[in-house]
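Participant: Below you will find the structure I want to go over with you.
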Amino acid sequence: NAGVMQNPRHLVRRRGQEARLRCSPMKGHSHVYWYRQLPEEGLKFMVYLQKENIIDESGMPKERFSAEFPKEGPSILRIQQVVRGDSAAYFCAVAAAAQETQYFGPGTRLLVL
Amino acid sequence: GQNIDQPTEMTATEGAIVQINCTYQTSGFNGLFWYQQHAGEAPTFLSYNVLDGLEEKGRFSSFLSRSKGYSYLLLKELQMKDSASYLCAETGKSTFGDGTTLTVKP
């Protein structure tokens with residue numbers, strides 16, 4: 001994964017709570033992609049950010065989900081009022097530039113009780 | 001859209017060669033990635049094809065035909081540890097196929 005950090009690795013939330021997932025790219029990789037993977041399914045694109053800018057959020061649910069990548073600090077995927085259907089693995093991938101190789105972080109496994 | 005199609009499952013024997021195909025819609029195409037994902041782990045990068053032709057990297061090779069919207073991943077001298085899901089992905093819209101689960105048997 002070339003040094004991409006994600007935390008927490010596992011997150012348990014009750015329905016209605018908020019989940020915050022963090023992704024810290026390695027130096028020189030300012031393009032961040034978030035994906036969701038349901039059990040036994042493929043990766044689904046959610047959002048693409050490039051330092052302080054959302055480039056493409058076509059895969060993000062319209063409600064409860066938001067993402068940011070501030071000038072300082074990690075990229076954050078925020079899920080408000082979680083529901084059981086949000087239980088999934090959330091991966092971030094980072095790239096040095098658009099259309100270049102994406103390197104995946106270890107993922108955050110979210111479980112909503 | 002950028003639909004990507006690949007077989008759901010494949011089975012092969014240790015030491016053999018297996019080819020995993022991937023087809024995609026060509027509109028807005030930039031390049032094609034192949035990733036390997038073991039169960040419960042993150043995807044790891046295998047190859048990236050932008051131009052037509054074959055890219056060889058050790059036991060793994062990947063082929064691309066832009067005009068046909070077709071790619072394949074070729075795995076030679078299969079090992080048990082190659083049992084995993086293989087994901088084909090198009091870079092223009094970061095679209096991934098659902099993956100091909102490869103099972104290598106002794």
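Participant: Would you mind working out the accessible area per residue for the protein assembly as shown, using a 1.4 Å probe, and quoting it in Å²?
Facilitator: Heavy-atom SASA per residue in the protein assembly as shown reads 49 Å².
Participant: A further question follows. Answer rounded, prolate or oblate for chain A, using the Cα gyration tensor with square roots of eigenvalues a ≥ b ≥ c: rounded when a/c is under 1.5, else prolate when a/b is larger than b/c, else oblate.
Facilitator: Prolate shape, in that a/c is at least 1.5 and a/b is the bigger ratio.
Participant: Looking at chain A as a GNM with Cα springs under 10 Å, which of A:K62, A:K51, A:K71 has the largest mean-square fluctuation?
Facilitator: A:K62
Participant: Here is a further query. In whole Å, what is the distance between the alpha-carbon centres of segment A:1-26 and segment B:74-106?
Facilitator: With segment A:1-26 and segment B:74-106 each reduced to a Cα centre, they are spaced 25 Å.
Participant: Mean separation of Cα pairs under 8 Å and 6+ residues apart, divided by the residue count of segment A:14-101: what relative contact order is that in percent?
Facilitator: Value for segment A:14-101: 40 percent.
Participant: Can you list residues whose amide H is under 5 Å from A:K51's amide H, if they're 5+ apart or on another chain and H is modeled 1.01 Å from N?
Facilitator: Hits under the 5 Å cutoff: A:V32.
Participant: Right, another one. Along each of its three principal axes, how wide is the spread of alpha-carbon positions in chain B, in whole angstrom units, largest first?
Facilitator: Projected onto its principal axes, the Cα set of chain B covers 41, 28, 19 Å.
Participant: Any idea of the total accessible area buried by the B-A contact, 1.4 Å probe, rounded to 100 Å²?
Facilitator: 1400
Participant: For B:Q79 and B:L54 in the same chain, what is the full-extension length gain: residue separation times 0.36 nm, less their Cα-Cα distance, in nm?
Facilitator: 6.8 nm
Participant: Would you mind computing Rg(Cα) / (2.2 N^0.38 Å) for the protein assembly as shown, counting N as its residues?
Facilitator: For the protein assembly as shown, the normalised Cα radius of gyration is 1.02.
Participant: Consider a paramagnetic label point 7 Å from the Cα of A:R84 along Cα→Cβ; state which residues of segment A:22-56 have an amide N under 18 Å from it.
Facilitator: The answer is A:38-40, whose backbone nitrogens lie closer than 18 Å to the label point.
The values are calculated or read from the model by the stated rules, or taken from the named source; none is laboratory data. What you see is a predicted model, and the numbers here were worked out from it, not measured in a lab. Using ideal geometry, Cβ is built from the backbone for each residue, glycine included, and neighbour counts are taken over all protein chains shown. For the accessible areas, the whole protein counts, side chains as well, though only heavy atoms, and no ligand, DNA or RNA atoms are used. Shrake-Rupley method; radii C 1.70, N 1.55, O 1.52, S 1.80 Å.
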